[in-house]
Each structure stands twice: as structure tokens, then as C-alpha cells.
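Single-structure report; data block below.
The values are calculated or read from the model by the stated rules, or taken from the named source; none is laboratory data. Every value quoted in this text rests on a predicted model; they were computed, and no experiment measured them. A quick note on method: Cβ atoms are made from the backbone with ideal geometry, for glycine too, and the neighbour counts reach across all protein chains shown. Note: areas computed on protein heavy atoms with side chains; ligands, DNA, RNA excluded. Shrake-Rupley method; radii C 1.70, N 1.55, O 1.52, S 1.80 Å.
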Amino acid sequence: MTAASGFITKGTLCFRVHRLRRKGSRDVIAGRGIHSKVKSAKLLEVLNAMEEEESNNNREEIFIAPPDNAAGEFTDEDSGDEDSQRGAHLPGSVLHASVLCEDSGTGEDNDDLELQPAKKRQKAVVKPQRIWTKRDIRPDFGSWTASDPHIENLKSQELSPVGLFELFFDEGTINFIVNETNRYAWQKNVNLSLTAQELKCVLGILILSGYISYPRRRMFWETSPDSHHHLVADAIRRDRFELIFSYLHFADNNELDASDRFAKVRPLIIRMNCNFQKHAPLEEFYSFGESMCEYFGHRGSKQLHRGKPVRLGYKIWCGTTSRGYLVWFEPSQGTLFTKPDRSLDLGGSMVIKFVDALQERGFLPYHIFFDKVFTSVKLMSILRKKGVKATGTVREYRTERCPLKDPKELKKMKRGSFDYKVDESEEIIVCRWHDSSVVNICSNAVGIEPVRLTSRHSGAAKTRTQVHQPSLVKLYQEKVGGVGRMDQNIAKYKVKIRGMKWYSSFIGYVIDAALNNAWQLHRICCQDAQVDLLAFRRYIACVYLESNADTTSQGRRSRRLETESRFDMIGHWIIHQDKRTRCALCHSQTNTRCEKCQKGVHAKCFREYHIR
């Protein structure tokens with residue numbers, strides 16, 4: 001297996017290479033232990049080699065850097081057709097570019113491919129030796145006793161789904177987007193005159209495209225009976241939507257930071273992070289991980305990421321609650337543009353930034369969970385000094401020579417066997433546990449005891465068996481999946497409409513993340529009247545398109561628009577009526593109606609009518 005990392009320039013692709021020694025591996029490009037001289041290869045060869053090793057479980061990714069001048073005017077536009085079939089379109093000049101490979105000299109079996117230029121070998125800094133002891137951990141963190149008055153306040157307000165969504169896309173954010181879009185259009189000598197009402201119609205169409213999608217977005221406005229969508233067509237005219245969407249903008253081009261690859265959307269990222277953190281549930285357990293925003297264009301900080309459902313796109317560092325509420329996010333730019341801190345790698349530095357954002361609400365004993373991409377004994381030490389608990393799987397070379405039983409020896413022992421050691425000075429435990437495979441887990445807050453029995457599937461016997469499970473393993477398995485839950489929610493009904501701008505897919509990701517967060521708050525605040533994620537999105541799309549529709553155009557003035565009260569889920573009762581009328585949903589005769597909406601509706605149609 002060959003792993004590589006690097007960045008693309010106009011003519012040459014520079015890679016730093018790490019190769020895992022393995023019998024039968026295919027040597028595609030030069031690596032550690034093979035050649036010390038620089039050798040050229042092709043990106044296409046690297047990609048083909050990665051595809052041939054589908055059976056390998058190791059994660060591989062390639063970082064493709066954006067243009068040198070990411071703040072330049074030309075980067076507003078992407079290449080390709082907006083409605084063309086989406087795929088991994090890499091130009092031939094990139095696929096056949098030379099790959100410069102160099103001895104890494106790190107001595108690490110690193111299968112995480114990060115953006116970094118080729119560097120000269122540096123002498124390793126001698127670190128003080130840790131003293132490891134065979135005993136359980138004795139953490140000195142305080143217990144979690146914090147309450148969450150903000151959530152209690154939200155519960156008392158009984159906000160509708162639209163009200164919850166507008167906690168994030170609030171009036172200030174809407175006006176900001178309107179002003180920046182109008183400014184950008186004016187710079188292009190176009191008098192757009194966008195209003196907040198029209199922007200909400202555009203947002204409504206983007207949300208609706210998550211569960212109703214056409215091969216071409218113009219089909220929403222076609223008069224053909226197989227495609228016409230009256231809710232969209234009555235809300236905003238097609239040409240007006242196209243004009244607004246083409247000029248949608250989020251930053252002043254005259255004040256962009258040339259060193260920031262995401263300068264075009266940086267003001268929006270800052271605003272959304274502020275709103276996400278302001279309304280986040282105050283919880284003890286959080287997950288940190290990587291999410292992917294799908295993108296197949298030719299520009300932007302795009303990565304090829306093996307092991308994720310979305311393999312090509314922007315990598316997003318995400319911190320979530322254990323249930324999947326996105327608290328903080330930051331698009332990855334690689335180590336070329338983001339310098340790691342505190343002698344940590346890039347992933348560990350992102351964890352520290354997330355913790356700093358959490359501690360803006362108070363220095364509480366938060367507990368963060370992450371996987372082996374981020375975990376190291378050094379990171380656990382830093383988090384412990386900041387008063388933050390942390391648990392995560394860890395690669396062997398990051399355990400700082402913790403003397404545990406050899407994995408081969410542990411595999412010969414009974415399933416559920418484990419070995420562990422604790423660092424005497426900083427109370428950091430490393431445990432090696434034998435399950436279906438051998439896994440290393442590190443923590444600064446949770447120890448071995450109590451050891452419980454857990455049911456595991458046995459492939460050989462085709463039955464479930466009871467095996468011993470240390471406490472830190474059990475807690476890690478229960479709490480680590482927050483980022484995965486968020487990804488699952490976003491992937492179900494993600495925004496399908498994209499534009500020519502290279503960051504248009506990233507804007508859809510932000511909208512989907514805000515909808516996911518609003519739904520998470522709905523599950524917490526409205527436990528008596530919960531709806532699923534699809535009904536929640538449909539509710540918001542319908543309200544935005546109906547209540548913000550353009551009624552000034554000829555032929556629409558007589559259309560009676562239903563207000564948000566239809567969907568507020570408050571005070572709707574089904575009552576008997578003497579005169580039979582048409583059902584507002586199925587249009588057949590009914591003798592019942594909604595007392596609040598004053599619309600005829602069957603009992604069987606009542607719920608669906610109030611969530612569509």
C-alpha cells in the first residue's frame with residue numbers, strides 16, 4: 001500500500017511519501033526505505049494504485065490545493081455546467097502531472113495524507129522518557145453539575161421549526177447576505193436590489209431541493225405536468241431566482257485575506273459558528289472528527305478521502321455533541337496554510353481550537369471523544385492542563401513507548417483480554433484491548449474499572465458471546481459517534497442545487513448543518529410533538545416559499561397564501577361541521593375541519609396537512 005500527500009501547482013505535483021512495509025505491496029512511488037533520491041511519478045498512477053487496494057482498511061487521502069490567489073476575482077467562478085452530471089472531473093494536466101517523491105525520514109507509519117511541501121529531514125527532538133506503571137487511573141476532574149438555562153428558555157418559547165432554524169439564519173445573517181450580494185452585483189455593474197423576502201425564497205428552494213430534485217433546476221418552473229412545481233413557481237420567477245443565485249456572495253472582494261483559502265465564505269463561517277455555539281445544548285460529552293462536503297469542481301481546497309461516504313470534496317473539522325448537534329466547524333486547508341500549534345499535528349491543533357471555543361461558555365469538565373487521527377499522549381496532556389477530559393483510540397507510535405503486550409501476543413489470548421499502563425506524572429492511561437481486532441485507547445479521565453461483560457458477535461461460532469470490556473472502551477463506543485450522526489442526517493436530504501461558484505456546495509453544507517442543528521433543538525424542546533427530519537425540512541421549505549412569495553406579479557394577486565400558523569403545531573383541533581366541504585389535502589368531501597385554519601380536512605389527512 002502506498003500513501004502520499006502533497007499539493008498541486010500549475011506544472012508539478014509535490015508529494016511527501018510514507019510507505020508501510022508489507023509483503024506483496026506494490027511500489028508505485030519512491031518511499032522510506034526504498035530510495036533516498038527524488039523520483040517522479042504521475043498523479044494518475046497514484047490514484048489507480050489506491051483504487052486497486054480496495055481490500056485495505058487504511059485511510060488514504062490526497063489534498064488538492066486551490067489557486068495560489070484564492071482571494072482573486074477569478075475564483076468566484078468554477079468550471080463545468082451547473083446541471084451537468086456530477087463526478088470526479090480532474091483535468092488531464094493534473095492527472096498526468098509529475099509527482100516529486102522524497103524520503104520522509106519521520107519513522108512513522110502515517111497513513112493520513114496531509115498537505116505539506118517536501119521538507120529536508122530534520123533531527124528528531126529528544127523527549128523526556130515517561131514512566132509507565134501497571135495500575136488504574138486516578139483522575140482529579142470535577143463532576144459534571146452544570147445546568148442549561150438557555151435550553152429551558154427555548155422550551156418556554158415553544159418555537160416552531162422556522163423559529164428554530166432562524167436562530168442560526170437570523171435577521172442579522174439574512175441582512176448581511178443581502179448586503180454582500182447587492183454589493184457584489186453593484187461591483188459587476190448590476191442593480192440587483194435583493195430583499196430579505198427574496199433571499200428567503202431562494203433558501204426555501206435550496207431546502208426543498210434536498211427532498212425534491214430534478215436533473216435541471218429549471219424544471220421546477222416548467223409548465224409540463226410531469227415536472228411543474230407550483231410552490232416554487234408561485235414563490236419567485238425563474239429568471240429572478242437564477243439572477244439572485246448567480247450573484248449570491250458572502251464577503252467584500254476588496255477586503256479578502258489572500259492567505260485564507262476560504263476568504264470568500266469566512267464571514268459566513270464566523271457568523272454560523274457564533275450562532276451554533278450560542279444556542280448549543282450545554283452537555284458534558286462531545287465528539288470531534290472529520291466531515292466531508294461533496295465537491296467535484298476543479299478549484300478549492302479539495303481532498304480525495306478514502307474511508308468516507310463522500311470521498312471527494314472539502315474536508316471539514318467538526319465538533320459536535322454526542323447526539324449530532326454541530327457546535328463548531330472549520331474547513332481544512334492543510335498544513336501549508338494552517339500551522340499546527342503546541343508541538344501537535346494539524347488534527348490535534350484543531351481539537352485545541354474546538355476546546356477553546358467550548359470554554360468560551362465556561363471552564364467546565366467537558367469530555368471530548370475522537371479517533372486515532374487526532375489522539376496522542378501529548379494531546380491528552382495538554383487537554384488535562386486545560387481541565388478537559390478526553391478519550392480516543394490511538395496509533396501505537398503515538399503512545400510514547402508505552403510498554404504494553406505485543407498485539408500478536410494479545411491476539412493469541414482469549415477475546416476480551418487487555419493490558420494497560422498509566423503515566424505516573426500526568427495520569428494518562430493507555431489500554432490495549434483484544435476484540436475482533438486489537439485496539440489501543442488512550443484517556444486522561446476514564447480508567448479500566450469497572451470491567452463489565454458485553455455481548456459481541458462471534459463470526460466463527462455465528463453466535464454472540466460475552467467478553468470483558470474495560471470502562472473507557474465502553475464509554476468511548478457510546479459517545480464517539482456524534483460527527484457520524486450529523487453526517488448521516490445531512491446526507492439524507494442534502495441540498496442538491498449548486499452554482500458555478502467553487503464554494504456553492506459549501507453553502508449547501510452550511511444550510512444543511514443549520515437544519516440539522518434546528519432539528520436537534522426541536523427534539524430537545526418539543527418532546528410532546530416531535531416530527532422526523534424530513535417533515536421538519538418540508539415544514540420550513542413550505543413556510544418560506546408560501547409566506548415570502550411574490551404576490552405583486554399579475555396572475556398571483558388572487559392567490560390566497562397560507563401563513564405560518566398552519567404549520568406552527570399550536571392550537572389545531574379537528575371539529576365537526578354541518579356543511580360538507582372539500583378536504584384541503586385530498587380534495588374529497590369531508591364533514592370535519594380544522595378549528596384554527598378553518599379548512600376542511602379529513603381526520604386521516606389532518607396530520608399530513610399540517611406538516612406539508
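If R0 is 35 Å, what FRET efficiency do you get for Lys414 and Lys496 from their C-beta distance, rounded to 0.05?
0.10
Between Leu534 and Asn189, take the C-beta separation as r, use R0 = 51 Å, and let me know the FRET efficiency to the nearest 0.05. Before the final figure, lay out each step's value.
Numbers: r = 42 Å, r/R0 = 0.83.
So the FRET efficiency works out to roughly 0.75.
Stretched out fully, how many nm does the piece from Ile574 to Lys462 gain, at 0.36 nm a residue minus the Cα gap?
Computed gain between Ile574 and Lys462 is 35.0 nm.
Roughly how many nanometres apart are two label points built 7 Å out from the Cα toward the Cβ at Ser227 and Lys385?
Distance between label points: 6.1 nm.
So what's the net charge close to Asn516: Lys and Arg +1, Asp and Glu -1, counting the other residues with Cβ under 12 Å from its Cβ?
It works out to a net charge of +4.
Stretched out fully, how many nm does the piece from Arg135 to Lys604 gain, at 0.36 nm a residue minus the Cα gap?
162.6 nm is the gain from fully extending Arg135 to Lys604.
For Asp435 and Ile524, compute 0.36 nm times the residue count separating them, minus their Cα-Cα distance, and round to one decimal in nm.
Once the chain is fully extended between Asp435 and Ile524, it gains 28.5 nm.
With a/c under 1.5 counting as rounded, go ahead and sort the range 504-545 into rounded, prolate or oblate using the C-alpha gyration tensor (a ≥ b ≥ c being the square roots of the eigenvalues; past the cut-off, prolate if a/b is larger than b/c, else oblate).
Here the range 504-545 falls in the oblate category.
Once neighbouring chains are kept in place and the probe is 1.4 Å, which whole percent of the accessible area of the range 311-420 is contributed by carbon and sulfur?
Of the solvent-accessible surface of the range 311-420, carbon and sulfur hold 48 percent.
Assuming R0 = 56 Å, what is the FRET efficiency of Arg240 and Gln477, from their Cβ-Cβ distance, to the nearest 0.05?
In this case the efficiency is close to 0.65.
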